[in-house]
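Here is the structure we will look at.
The values are calculated or read from the model by the stated rules, or taken from the named source; none is laboratory data. This is a predicted model, so every value here is computed, not measured. Methodologically, a virtual Cβ is constructed for each residue, glycine included, from the backbone with ideal geometry; neighbour enumeration extends over all protein chains shown. Ligands, DNA and RNA are excluded from the accessible area calculation, which covers all protein heavy atoms including side chains. Shrake-Rupley method; radii C 1.70, N 1.55, O 1.52, S 1.80 Å.
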Amino acid sequence: LKDQFDNLDKHTQWGIDFLEKYAKFVKERIEIEQNYAKQLRNLVKKYCPKRSPKDEEPRFTSCIAFFNILNELNDYAGQREVVAEEMGHRVYGELMRYSHDLKTERKMHLQEGRKAQQYLDMCWKQMDNSKKKFERECREAEKAQQSYERLDNDTNATKADVEKAKQQLNLRTHMADENKNEYAAQLQNFNGEQHKHYYIVIPQIYKQLQEMDERRTIKLSECYKGFADSERKVIPIISKCLEGMILAAKSVDEHRDSQLVIDCFKSGFEPPGDFPFEDYSQNIYRTISDGTISTPKQEGMRIDTKTTVGKAKGKLWLFGKKPKPQSPPLTPTSLYTSSTPNGSQYPIFSIEPVHYCMSDIKTGKPRIPSFRSLKRGWSVKMGPALEDFSHLPPEQRRKKLQQRIDELNRELQKETDQKDALIKMKDVYEKNPQMGDPSSLQPKLTETMSNMDRLRMEIHKNEAWLSEVEGKVAARSDRRHSSDINHLVTQGRESPEGSYTDDANQEVRGPPQQHAHPNEFDDEFEDDDPLPAIGHCKAIYPFDGHNEGTLAMKEGEVLYIIEEDKGDGWTRARRQNGEEGYVPTSYIDVTLEKNSKGA
């Protein structure tokens, strides 16, 4: 039994070591899950887009799908963290607490077994001592009996010696009897303790150790199950993450991406036309056909493709000054193209796109009704090249201007709401002076109105640029449509020189070459008569008039009104010296008259 106790001691120690070994395994698995989740989050962070709110990069469906996949992967990493946390709380933490309790319980049971064994050993020693003492007394009694019998049989021994030997025998016999009784009692006690030890105490301790080991095995089984449950609980959420990735993959639309590319890079320019056929034998044919009507003879004249259109332009206006053209704004096709028999257009001058854009900015005539009568106060260059997006193609420029106008309108709405709030607060202060000083709000109100005027000017300016761009795009569309119609109508009517003719006697020349002069815009304004005054106004607030096209004024200054407010918050006024410009309608007190001084 003692050997079995030692075996149980070793087995229970092995069980605790195995429990701690599994706890170490769970801890390492938790570290793997945490590192895996951390690496996934770092991966998502590395490839996530870092765009500012003003970034206008087109969002392709493939990019959106990839960003959605990254979001789902980030959620997946979060679920791995949940797995690690659940394992740490439900498995590893529970194992460590149970291991500590198990060690304490095992130590207690082993100590109880050792105490029982020590008590049994003590009983055996007492019994053995009494036995040895009884054996010794018995031997002494036998010696006393032999001495008495020898003296009793000896005739020479005295009666006193015999009595003395007899007394000694009686004493030894009595002591032997007492030791015998003591030995018998100790033996009986040891036998009882031994029976109790082997049939009650030790089996109970072994049973407790068995129950402890079984509980350890059950705890391991529960931890195995909890280990698997930690993973199984997140499987539905992980499945949703994977389904989200699949949906993101299915959301990729190649046609939509292609349309985004088209919208992003659409320029609005027309493709170049066909190159003309340069007939160097034209003089030979003209010499042969001097008598023909359709090709009149022009001696000493060499046909030059660079001057033909200019000469045709001179022929069209034989009487008086050429009237100002009413054609739409100049475009690449109207400036540098001519017609071919099939209705297509081709460039006459080889001008690079950048040079064309600069010349277009310098020579274009915007048709803006609200600014049609300004005299030299408004330059054709309505802002820096980057401010009006003139460096961009027409379609992209239109989008940029529209976006800026929308932003300015939102800012203007905010300023308007702030002005209304300040006015209401000022009225409250005027009615209840104890709540505040109304004059303290005047600087903020003035600043807000100034910001509103500045925003209106910016909106007006950008709307002018937008109108110019839209006018050019519409003109290009009209010319493209008319070119297609002319191609259908005039197909097959071509003169020997390559131009279209309505009959055999008339040569239809190509469109006149329009070399717009940079001063034509100002010349058109010079021809306009000064507008009559329709009233007068008095400045309520001072206005600096730093923006181009505005008129500075001082507080209390009287000006003539020559054009009313069209709903944009600006009124056109004129000083007595003839200087004109726009002033904020909210800064002046307007009085309209039928017969004013300037009328």
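Please work out how much length the chain gains when fully extended from D9 to V558, using 0.36 nm per residue of separation minus the C-alpha to C-alpha distance, in nm with one decimal.
Details: separation 549, 0.36 × 549 = 197.64 nm, distance 11.30 nm.
Contour length minus Cα-Cα distance gives 186.3 nm.
Relative contact order for the stretch 4-259: what is it in percent, counting Cα pairs under 8 Å that are at least 6 residues apart?
Details: 184 pairs, mean separation 91.7, N = 256.
Relative contact order for the stretch 4-259 comes out at 36 percent.
Gain on full extension, evaluated as 0.36 nm per residue between N409 and Q208 minus their Cα-Cα distance, stands at 63.9 nm.
For I540, the residues whose amide H sits under 5 Å from its own are G556, I588, D589, ignoring neighbours fewer than 5 places away on the same chain, with H placed 1.01 Å from N. Computed 3J(HN,Hα) for the stretch 233-242, one whole-Hz value per residue from the Karplus formula 6.51 cos²θ - 1.76 cosθ + 1.60 where θ = phi - 60°, is 5, 8, 4, x, 5, 5, 4, 5, 4, 5, glycine and proline marked x.
Taking the Cα centre of the stretch 175-260 as origin and assigning +1 to Lys and Arg Cβ atoms and -1 to Asp and Glu Cβ atoms, the resulting dipole is close to 320 debye.
For the stretch 4-259, report the % of Cα-Cα distances exceeding 29 Å.
Numbers: 21436 of 32640 pairs.
For the stretch 4-259, the fraction of Cα-Cα distances above 29 Å is 66 percent.
Backbone phi angles across the stretch 70-81, fed through the Karplus curve with coefficients 6.51, -1.76 and 1.60 (θ = phi - 60°), yield HN-Hα couplings of 4, 5, 5, 5, 5, 5, 4, 4, x, 5, 5, 5 Hz in residue order; Gly and Pro are listed as x.
By a 1.4 Å probe calculation restricted to protein chains, D229 has an accessible surface near 20 Å², given to the nearest 10.
Taking the charge dipole of the stretch 97-244 about its Cα centre, with +1 at Lys and Arg Cβ atoms and -1 at Asp and Glu Cβ atoms, the residue from L102, I200, A160 reaching farthest to the positive side is L102.
Using a Förster distance of 45 Å, how high is the FRET efficiency between V261 and S439, based on the Cβ-Cβ distance and rounded to 0.05? Write down the numbers at each step before the final one.
Numbers: r = 58 Å, r/R0 = 1.29.
Calculated transfer efficiency: 0.20.
Between the stretch 141-185 and the stretch 31-50, how far is it from one alpha carbon centroid to the other, in angstrom? One Cα centre to the other: 102 Å. Cross-link pairs exceeding 32 Å in C-alpha to C-alpha distance, out of K50/K414; K424/K566; K38/K103; K24/K50; K10/K196, comprise K38/K103; K24/K50. Using the crude model of +1 on Lys and Arg Cβ and -1 on Asp and Glu Cβ, and no other charge, please compute the dipole size for the stretch 109-154 relative to its Cα centre, in debye to 20. Dipole about the Cα centre, nearest 20: 380 debye.
Near the amide H of G535, within less than 5 Å, lie the amide hydrogens of I561, E593, all on another chain or at least 5 residues away, with H placed in the peptide plane. Legend: residue pairs K46/K400; K115/K207; K21/K46, Cα-Cα distance threshold 26 Å; pairs beyond threshold, K46/K400; K21/K46. If I model a spin label as a point 7 Å beyond the Cα along the Cα-Cβ vector, how far apart are those points for E270 and R575 in nm? Each label point is offset 7 Å from its Cα along the Cβ direction, giving 4.6 nm. Summarising the label geometry, the points placed 7 Å from Cα in the beta-carbon direction at N156 and T416 lie 16.0 nm from one another. Evaluate E = 1/(1 + (r/R0)^6) for L220 and N35, where r is the Cβ-Cβ distance and R0 equals 22 Å; express this FRET efficiency to the nearest 0.05. After rounding, the FRET efficiency stands at 0.30.
Work out the length of the dipole vector of the stretch 535-592 about its Cα centre, built from +1 on the beta-carbon of each Lys and Arg and -1 on the beta-carbon of each Asp and Glu, and round it to the nearest 20 debye. Please list the in-between numbers first.
On the way: 6 positive and 11 negative charges, 30 e Å.
My answer is approximately 140 debye.
Per-residue 3J(HN,Hα) values for the stretch 460-468, derived from phi via the Karplus relation 6.51 cos²θ - 1.76 cosθ + 1.60 with θ = phi - 60°, read 4, 5, 5, 5, 5, 5, 5, 4, 4 Hz in sequence order (x marks Gly and Pro).
The modelled label-to-label distance for the pair Y198/N451, using points 7 Å beyond Cα in the direction of Cβ, is 10.3 nm. Given their separation in residues at 0.36 nm each and the Cα-Cα distance between them, M122 and K143 gain 4.4 nm when the chain is fully extended.
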